[in-house]
Each structure stands twice: as C-alpha cells, then as structure tokens.
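Q: Here you go, one structure.
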Amino acid sequence: MPSPLCARFMPEPNLPPLLLYDSGSLPTGTDPQQVINIDQLREQLPELPRVTREKLVQQYGMLPEHSFALLVFQELWRSKGKTPAQIVAEKKLELMQDAEVLEQLCRSTLEAHPQVVLSPSGKGGLHAQRQPSGAS
C-alpha cells in the first residue's frame, strides 16, 4: 500500500492539465479549448489606478494630487446612489488621524516590502539610510 504522502504527487485524473501561454509562446497544434491565453486575460483586466494617474499626469501635465482627485470624481460618477462619504469609507480613502494606526501601517508596509525600501533610489523606490545613534 502506498503511503498517503505519495498521493499528493499523483495527478488528479478528473482534471485536465492547465496550460497557460501567451500569444508568443503557444505551441503549434495545441487545442485552444485546453489553453488559457494570458494575453486575453490581460486585455480584460481594468487599468490599475496608478497607471491611470501616471497617464493623466503625463498627458495633461497635471499634478499627481489632481490626478487622484479626478479618479475619485470618476468613482463618484460611477457609484450612483452612494454618498461621497460612503465611497471614501468603502475604498478606505479617508484621512488617517490616529498616529499609532498610521505608524503601524507604515511599519507593516516596510516589513512586507524590504526589497523596495532598501533598493537604491531610482527605479526601486526609496533608499533607506541609517543614521548613527545620537544623530538627528
């Protein structure tokens, strides 16, 4: 009798293999019904808000703060029947006034993404500089 650990390495007989390909790497002769085309999925995804804001800044020369405001107004326009306060609360866009909560959020973000924080300035993000103790 095989051990229970061996069963996790056996393929499930009732599930066909999942094949993920983009348009450039799709092997010839593959049945399109058995393949998930990543390019088609990408086309169906909405644009990220960060990308939209960057486009607005570049295309119209506006300040990043104004591009954020435009996206908020766009969301207000789409959300008929909801008040601005409801939308802000749902999207968690309200101003944080609790210093402890803000500090905890910053710490958890820094801990979750140390590679971005510690990367050289430029493409990676911020550059953490440690000051000697006693320096201000």
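Q: Where the second residue is of a type in the set (Gly, Ala, Ser) and exposed (fewer than 10 other Cβ atoms within 10 Å of the Cβ) and the first is free of Cβ contacts under 8 Å to residues at least 40 places away in the same chain and outside the structural domain of PHE68 (by the TED database) and lies in the range 28-55, which pairs have Cβ atoms under 8 Å and are six or more apart or on separate chains?
A: Qualifying pairs under 8 Å: ASN37/SER23; ASP39/SER23.
Q: Would you check which residues across the range 68-84 are part of a helix (DSSP H, G or I) and either touching a Cys at 6+ places or on another chain (Cβ under 7 Å) or open to solvent by 70 Å² or more (accessible area, probe 1.4 Å) (or both) and list them? Outline the logic, then answer.
A: At the first step, the residues of the range 68-84 found to be part of a helix (DSSP H, G or I) are 68-78, 84.
Scanning the range 68-84 gives PHE68, LEU70, PHE73, GLN74, TRP77, ARG78, PRO84.
Q: Also, quick follow-up: Among LEU56, LEU93, LEU63, which is at pLDDT below 85, of a type outside the set (Gly, Ala, Ser) and surrounded by 10 or more Cβ atoms within 10 Å (Cβ to Cβ)? So that I can check it myself, show each step before the final result.
A: Working: LEU56 fails: at pLDDT below 85; LEU63 fails: at pLDDT below 85.
Just one listed residue meets the conditions, LEU93.
Q: Which of the residues spanning the range 96-116 are open to solvent by 100 Å² or more (accessible area, probe 1.4 Å) and of a type in the set (D, E, K, R)? Spell out how you get there, then give the answer.
A: So the first thing to find is which residues in the range 96-116 are open to solvent by 100 Å² or more (accessible area, probe 1.4 Å), and the list is 97, 100, 104, 107, 111, 115.
GLU100, ARG107, GLU111, listed by residue number.
Q: Also: In the range 37-48, which residues are outside any helix (DSSP H, G or I) and surrounded by 11 or more Cβ atoms within 10 Å (Cβ to Cβ)?
A: If we filter the range 37-48 for residues that are outside any helix (DSSP H, G or I), which is where we start, we get 37, 45-48.
Scanning the range 37-48 gives a single hit, ASN37.
Q: Of all residues in the range 96-136, which are touching a Leu at 6+ places or on another chain (Cβ under 9 Å) and modelled with pLDDT of 50 or more?
A: Selection gives MET96, VAL116, VAL117, LEU118, SER119.
Q: Take the residues in the range 12-22 that are open to solvent by 80 Å² or more (accessible area, probe 1.4 Å) and not acidic (Asp, Glu); name whichever of them is nearest to ASP39 (Cα to Cα). So that I can check it myself, show each step before the final result.
A: Let us first name the residues in the range 12-22 that are open to solvent by 80 Å² or more (accessible area, probe 1.4 Å), namely 12-18, 20.
Still in the running and not acidic (Asp, Glu): 13-18, 20.
Values: PRO13: 28, ASN14: 27, LEU15: 23, PRO16: 21, PRO17: 19, LEU18: 16, LEU20: 10 Å.
The extreme case among them is LEU20.
The values are calculated or read from the model by the stated rules, or taken from the named source; none is laboratory data. This structure is a prediction, so every number in the text was calculated from the model and none was measured. Cβ: placed from backbone, ideal geometry, glycine included. Neighbour counts: every protein chain shown. Just the protein is used for accessible areas: all its heavy atoms, side chains included, with ligands, DNA and RNA removed. Shrake-Rupley method; radii C 1.70, N 1.55, O 1.52, S 1.80 Å.
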